[in-house]
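Readers should treat all values here as calculations from the given coordinates under stated rules, not as data from a laboratory. Quick caveat: nothing in here was measured; it's all calculated off a predicted structure. All Cβ positions, even for glycine, are placed from backbone atoms using ideal geometry, and neighbour counts span all protein chains on display.
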Amino acid sequence: MNPNMKVQHGFPEDFLWGGAIAAHQAEGGFLEGGKGWSVADVEKYVTDPTRFSYKELNFLPLERIKEGMNEVDSNLYPKRRGCDFYHHYKEDIKEFAQMGFKVFRFSIAWTRIFPLGDEEQPNEEGLKFYDDVINELLSYGIQPLVTINHYDFPLHLALKYNGFADRRCIDFFVRYCQVLFDRYADRVKYWLPFNEVESVFRHPLKSAGIIQDTLTDEATTNQILYQVMHNQLVAAAKVTGILHEKYPQCQMGCMGAKHTNYAYTCDPNDVLEVQLMGREFLFPLDVQVFGKYPVWYWRKLEELGVTLDAPEEDFRILAENTVDFVSFSYYNSFVTSTRKDVELTAGNLHVGGKNPYLPSGDWGWQIDPVGLRISLNELYDRYRKPLFIAENGMGAMDKLEESGSVHDPYRIDYLRLHIAQLKKAVEDGIPVFGYTMWGCVDLVSSATCEMRKRYGFLYVDGDDLGNGTYRRYRKDSFYWYKELIATNGENL
């Protein structure tokens, strides 16, 4: 063994423990402070999610968008109120500090800064709100990690331009980012341009402002969505270059969903299917890390009949502006097979094969802690960049007791088992520098707009239709995580 190689035992002393939320699921403050409409504001509460496919939930036709815009005061649009972080952020951040958070990942609502998305000048009241949030975090020694766009694309850009299908949205995004960097880069070190960047193919309206009605057939859908993906990657590369040039003390990462899949059988066709699926999910991260598309990609586009509108300058921009770290969400794993008789189950905004060796949570998501260690090793072997776990957590049906307590041993078990595997990955030598548990305060779910699907360490007294006091209560997991952080991950 090389005597200069030191084995890491436990977590590094500067490991960043914390939690994560997104503006469209937590913030609320609908149209307050000059905020404009986002696509999340027209996503309606689904009273019976079992009646809908994931595609129906995530692809929103123009008729339903207009319906939402005409129902300004309806309580059936929970993302307009979230958990009311907009009015409770000081209280929430104080609670995060009590747990010992070192980092807090949150997103900035594009429509608070540019209400329409294509204005020349930003909304000062929106900028001031995030000044206050950032300063509050820093007053407790909590580092902000900012996601620039997280599933709340400006509705005006969607309706006028069909979102990132129009290259003009690249320029609008760059202008938005320049304003954020100039305002906050002195206080925010870590940045992410897009949440789960590959999700354009799963829910194009949330991710990129694509109206379902424009996706008229398979050929048109492929042409639009692969162009959108390219435009977003160019936009991300441009703002990465700006951040590196103007604010070299900052770091830009990329963020994707880690859809870990196992072959259902040892049939080589199942193994190949897993490999093909994995590269489809990861190619946007490949571009952001390596500065170029993978070799197989051009054959894929040719087979689909897709021709990118991509001037040569785009490829120079991609090559010159690669990211500093890779972040990802991990909730569950699936099995994959070429067979048609594999039972399906739900996961993070899509469905996949059910693994007979794994238990499931309240919403059918399978619980696979070892998959997190597998994912960390896979991602580092592939990218050789520092890694950050941006989302990991468990949605469950929590009960508020009359005493004000919430007993959630299932969540503690989920986190304990996953963090134990994270620790093993760190001891494998994987350079993971942070972990932000998803939904650290209860928020509205992304797909079905439910409040009853709870993730947080803090219970929020609100139901799916907005009834309740929105008072916060500490769950048992609050105290468990506090002890975990205090011992830097040793007390599992």
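Charge dipole (Cα centre; +1 on Lys/Arg Cβ, -1 on Asp/Glu Cβ; no other charges) of the stretch 222-291 amounts to roughly 400 debye.
Taking the Cα centre of the chain as origin and assigning +1 to Lys and Arg Cβ atoms and -1 to Asp and Glu Cβ atoms, the resulting dipole is close to 760 debye. Would the stretch 120-200 count as rounded, prolate or oblate if I go by the C-alpha gyration tensor, calling it rounded below 1.5 in a/c and otherwise prolate when a/b exceeds b/c, oblate otherwise? Verdict is prolate for the stretch 120-200. When the P(r) is computed for the chain, the part past 30 Å accounts for 44% of the Cα-Cα pairs. Taken one residue at a time, the phi angles of the stretch 90-104 give Karplus couplings (6.51, -1.76, 1.60, θ = phi - 60°) of 5, 4, 5, 5, 4, 5, 4, 5, 4, 6, x, 3, 9, 8, 9 Hz. Gly and Pro are set to x. Which residue, chosen from Gly126, Pro144, Tyr383, occupies the Cα position most advanced towards the positive end of the dipole of the chain, where the dipole is computed from +1 (Lys, Arg) and -1 (Asp, Glu) charges on Cβ about the Cα centre? About the Cα centre, the residue reaching furthest to the positive side is Tyr383. Figure legend: label point modelled 7 angstrom from the Cα of Asp267 along Cα→Cβ; residues of the stretch 312-347 with amide N under 20 Å from it are 334-345. Basic side chains Lys and Arg get +1 at the Cβ, acidic Asp and Glu get -1 at the Cβ, and with that the dipole of the stretch 190-339 about its Cα centre reaches some 400 debye. Computed 3J(HN,Hα) for the stretch 368-378, one whole-Hz value per residue from the Karplus formula 6.51 cos²θ - 1.76 cosθ + 1.60 where θ = phi - 60°, is 9, x, 4, x, 5, 5, 4, 5, 4, 5, 4, glycine and proline marked x. Potential lengthening of the chain between Thr214 and Glu427 amounts to 71.8 nm, from the contour at 0.36 nm per residue minus the alpha-carbon distance. Of all lysines in the structure, those lying under 18 Å Cα to Cα from Lys246, and not within fewer than 8 positions of it along the same chain, are Lys189, Lys238. A cut-off of 5 Å between modelled amide H atoms, ignoring neighbours fewer than 5 places along the same chain, links Met437 with Gly18, Gly19, Ala20. Taking the fewest neighbouring Cβ atoms within 10 Å as the starting point, the ordered list for Trp110, Trp296 is Trp296, Trp110.
Amide H contacts for Gly462 (H built 1.01 Å from N in the peptide plane; partners 5 or more residues away or on another chain; cut-off under 5 Å): Tyr470. Given their separation in residues at 0.36 nm each and the Cα-Cα distance between them, Leu116 and Glu280 gain 55.8 nm when the chain is fully extended. As a proxy for reagent exposure, ranking Tyr176, Tyr140, Tyr262 by other Cβ atoms within 10 Å from fewest up yields Tyr140, Tyr262, Tyr176. Sequentially through the stretch 331-344, phi angles give Karplus couplings (6.51, -1.76, 1.60; θ = phi - 60°) of 10, 7, 10, 10, 10, 10, 8, 7, 6, 9, 9, 6, 5, 9 Hz, Gly and Pro residues having no value and appearing as x.
Once the C-beta distance of Glu124 and Gln249 is scaled by a Förster radius of 25 Å, the resulting FRET efficiency is 0.50 to the nearest 0.05. Each residue in Glu391, Glu303, Glu124 was given a count of other beta-carbon atoms within 10 angstrom of its own, and listing them fewest first yields Glu303, Glu124, Glu391.
When the chain is described by a simple charge dipole with +1 on each Lys and Arg Cβ and -1 on each Asp and Glu Cβ, the residue from Gln249, Gly395, Trp365 located farthest towards its positive end is Gln249. Ranked by the mean number of other Cβ atoms within 10 Å of their residues, highest first, the peptides 204-215, 414-425, 177-188, 463-474 come out as 204-215, 414-425, 177-188, 463-474.
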